[in-house]
Amino acid sequence: MSRIAIVTGSPHREGLSLQLADAFEKGAQAAGNEVYRFDAGLQKPGALHFLRLEPGSPEVAKPDNDVVSTEVIPHLLKADVVVLVSSLYYYGINAQLKTVIDRFYSYNHNLKDKKGVILANGYGTHEDMSIMMAHLEKIMSYMRWQLLGEVEVPGSWTPSNAQRGIQEAEKLGRSIR
């Protein structure tokens, strides 16, 4: 059994990103894994906070109600596998996911040497998505995470592509032990 932390960024409740995460989660739980999930894009306004400098100081401040520090990071630290889920936004990952990833910095040493999975979709082509995929792969390499697999769904508006991606995500989730 593995402890899995899934972090999504999409604000679209019915979007394919969340459907991919749902399918992966279903497969991972069916395989007996413990799953924690944080849907960054579905948080209430003001729940995700960008870090900021304290006035007159070089120190970074975190708001008192910072859910990333109090909830997400502890789950990521305990996780064996981290799953990053994003849709394509202007050839990159969406801002909500990036906000969470940016918070890894203070914990880089403690988060290293995990395993990772990428679930991504977009209205673009494979070529359009390649920049986002390379970015996510580079993050995983930087964190020294072993990439266990990825599901990339270009042309996600096409029902057959979406369905294929959902099936692949569930299969990948089931493969995690």
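The values are calculated or read from the model by the stated rules, or taken from the named source; none is laboratory data. Everything numeric here is computed off the predicted structure, so don't read it as measured data. Cβ sites come from the backbone with ideal geometry, for glycine too, and all protein chains shown count toward neighbours.
Below, the figures for the structure above:
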item	result
Test for Met129: is it of a type in the set (A, V, I, L, M, F, W, C), out of contact with any helix residue (DSSP H, G or I) (no Cβ under 9 Å at 6 or more places or on another chain), under 21 Å from Ser160 (Cβ atoms) and not in a strand (DSSP E or B)	yes
Qualifying residue in region 77-92 (condition: in a helix (DSSP H, G or I), touching a residue at least 12 places away in the same chain (Cβ under 8 Å), on the phi < 0 side of the Ramachandran plot and not basic (Lys, Arg))	yes
Top-ranked residue of region 105-129 - restricted to ones that are among the polar types (S, T, N, Q) and within 25 Å of Ile176 (Cβ to Cβ), ranked as modelled with the lowest pLDDT	Asn108
Answer residue from region 84-124, given it is farther than 20 Å from Ala162 by Cα and hydrophobic (A, V, I, L, M, F, W, C) and is surrounded by the fewest Cβ atoms within 10 Å (Cβ to Cβ) among those	Ala95
Any hit, region 125-146, residues being touching a Pro at 6+ places or on another chain (Cβ under 6 Å) and surrounded by 15 or more Cβ atoms within 10 Å (Cβ to Cβ)	yes
Selected residue (criterion: modelled with the lowest pLDDT) from residues of region 53-83 that are among the charged types (D, E, K, R) and loosely packed, with under 14 Cβ neighbours inside 10 Å	Glu54
Pairs, first at pLDDT 95 or above in region 160-177, second of a type in the set (Lys, Arg) and part of a helix (DSSP H, G or I), C-beta under 7 Å, six or more apart	Glu170/Lys26; Gly173/Lys26
